1. Give segment A:213-239 a look and list any residue that's in contact (Cβ under 8 Å) with a residue 12 or more places away in the chain and either of a type in the set (Val, Ile, Thr) or in contact with a strand residue (DSSP E or B) (Cβ under 6 Å, 6 or more places away or on another chain) (or both), or say none.
2. Any chance you could count how many residues in segment A:94-114 are facing chain B (nearest Cβ under 8 Å), touching a strand residue (DSSP E or B) at 6+ places or on another chain (Cβ under 7 Å) and either assigned to a loop (DSSP other than H, G, I, E, B) or under 14 Å from A:Leu154 (Cα atoms) (or both)?
3. Report every pair of residues separated by at least 6 positions or lying on different chains whose Cβ atoms are under 9 Å apart, first residue within segment A:99-112 and touching a residue at least 24 places away in the same chain (Cβ under 8 Å), second aromatic (Phe, Trp, Tyr) and not in a loop (DSSP other than H, G, I, E, B).
4. Criterion first (hydroxyl-bearing (Ser, Thr, Tyr) and not in a helix (DSSP H, G or I)) does A:Thr206 satisfy it?
5. Do you know which residues across segment A:209-246 are surrounded by 13 or more Cβ atoms within 10 Å (Cβ to Cβ), in a loop (DSSP other than H, G, I, E, B) and more than 10 Å from chain B (Cβ to nearest Cβ)?
6. Filter segment B:35-72 down to the residues that are among the acidic types (Asp, Glu) and farther than 26 Å from B:Val88 by Cβ and list them by number.
7. Tell me yes or no: at least one residue of segment B:104-116 is under 18 Å from the mean Cα position of the chain (by Cα), away from chain A (no Cβ under 14 Å) and surrounded by fewer than 16 Cβ atoms within 10 Å (Cβ to Cβ).
8. Of all residues being touching a residue at least 40 places away in the same chain (Cβ under 8 Å) and either among the hydrophobic types (A, V, I, L, M, F, W, C) or surrounded by 19 or more Cβ atoms within 10 Å (Cβ to Cβ) (or both) in segment A:189-208, which is farthest from the other protein chains (Cβ to nearest Cβ)? Just the residue, please.
Amino acid sequence: MGSHIRLQVARYRPEQDSEITFDEHEVPCPKDWVVLDGLNHIKDRIDATLSYRWSCRMGICGSCGMTVNGEPKLTCATFLADYAPGPVRVEPLRNFPVIRDLIVDIGDFMQKLVRVKPWIVRQAEKPVAEGEYLQTPEELDEYKQYSMCINCMLCYAACPIYGLDPKFIGPAAIALAQRYNLDRRDEGASDRMAVLSEHDGIWGCTFVGQCTKVCPKHVDPAGAIQRYKLTAAVESMKSFFMPRGA
Amino acid sequence: MGGSHVYSDYHPRWLRRKLSTYWWLEKRAYVAFILREGSCMFVAWFVVYLLLLVNSVVGGPGSYARFLEWSATPWVLTLNIVSFLFIVYHAITFFVAAPQAMVVHIGHWRVPGVLVLAGHYVAWAAASVFVSWLLLGA
């Protein structure tokens with residue numbers, strides 16, 4: 001393994017470019033350097049105009065999602081040495097509009113996310129004197145997997161359905177809706193059903209399954225969507241056969 | 001938002017990239033997905049073939065003999081072999097996907113995905129044995 005590796009970095013400067021171009025740089029490649037370290041090296045030592053998002057550098061904030069050699073990856077968790085002898089091509093996340101260089105516009109996702117009410121909805125809060133909303137470990141297990149989502153949007157970048165139809169509400173929003181639907185403390189399932197069961201909700205998904213494959217936190221959004229399809233179908237049948245409620 | 005206006009400091013010009021018509025050729029997983037979706041057409045063909053079979057049986061021995069003769073023609077035989085392979089592919093990919101969609105609880109115990117998958121194969125084998133018994137043994 002060499003001590004350096006070639007990094008091909010996508011550039012888009014809206015004031016002068018109409019398409020993405022690539023800059024190529026040699027960066028050090030010690031075994032503990034991730035792609036983000038390579039980008040920081042370029043920014044600090046070679047070209048300060050390179051623009052990209054990052055924050056925690058430890059796979060928690062979900063800011064540094066980019067396309068690395070064609071695959072959506074968290075650049076803070078993707079080791080340069082794994083791509084030796086290179087080159088490593090870094091591009092912005094697919095399926096999102098590019099603002100500059102490696103930065104994409106996440107506004108569409110943020111608007112969709114809030115529509116599924118990713119928080120605990122209560123019709124009425126119980127008095128504080130009655131204590132906490134206790135849960136058993138089994139109840140926690142039902143949704144814990146979905147609660148690991150860090151909103152990194154790699155799943156959207158891997159989803160061709162979202163690429164073809166940007167109205168599709170998308171994998172992470174549905175997985176996070178399920179996180180709260182499966183929480184015994186939550187009472188907002190019917191509110192979310194109205195959003196998820198519409199045409200651009202769960203039924204847009206054709207189970208390509210790549211959202212689950214690329215998820216760095218093993219959330220399994222594809223599984224969440226298929227589970228919710230079953231729930232929605234059962235609820236639909238119930239409302240058809242028992243219009244006044246069970 | 002849009003890419004048509006002129007860039008200014010406070011009005012960025014987004015670059016919107018269109019997904020290629022051939023996006024499904026970019027990754028092996030996408031090709032596998034498209035083949036799985038396409039296999040539905042062969043499922044539909046077998047439904048049509050079964051209806052033609054039933055229709056020929058209703059039509060009497062002569063009609064059934066003509067159906068068998070037509071089924072033995074090279075193009076129908078080839079189509080049915082290809083359809084069979086796609087249906088096996090369809091079934092296997094469906095079974096692989098099943099544990100993701102089905103969460104089964106027995107009491108408080110959540111049945112592991114591998115057992116859900118095994119259950120599908122056992123049901124498939126049982127159905128095959130039953131149909132074989134009907135055709136060969138009964």
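1. Once the filter is applied, which keeps residues that are in contact (Cβ under 8 Å) with a residue 12 or more places away in the chain and either of a type in the set (Val, Ile, Thr) or in contact with a strand residue (DSSP E or B) (Cβ under 6 Å, 6 or more places away or on another chain) (or both), segment A:213-239 yields A:Val214, A:Pro216, A:Val219, A:Ile225, A:Thr231.
2. Looking only at that region, the number is 3.
3. A:Asp108/A:Tyr156; A:Phe109/A:Tyr156
4. yes
5. A:Cys215, A:Pro216, A:Lys217, A:Val219
6. Scanning segment B:35-72 gives a single hit, B:Glu69.
7. no
8. A:Val195
Bear in mind that the values in this text are calculations on the coordinates, not laboratory data. Small disclaimer: the values here were computed from a predicted structure and weren't measured. Counting neighbours? That spans all protein chains shown, and the Cβs are built from the backbone with ideal geometry, glycine included.
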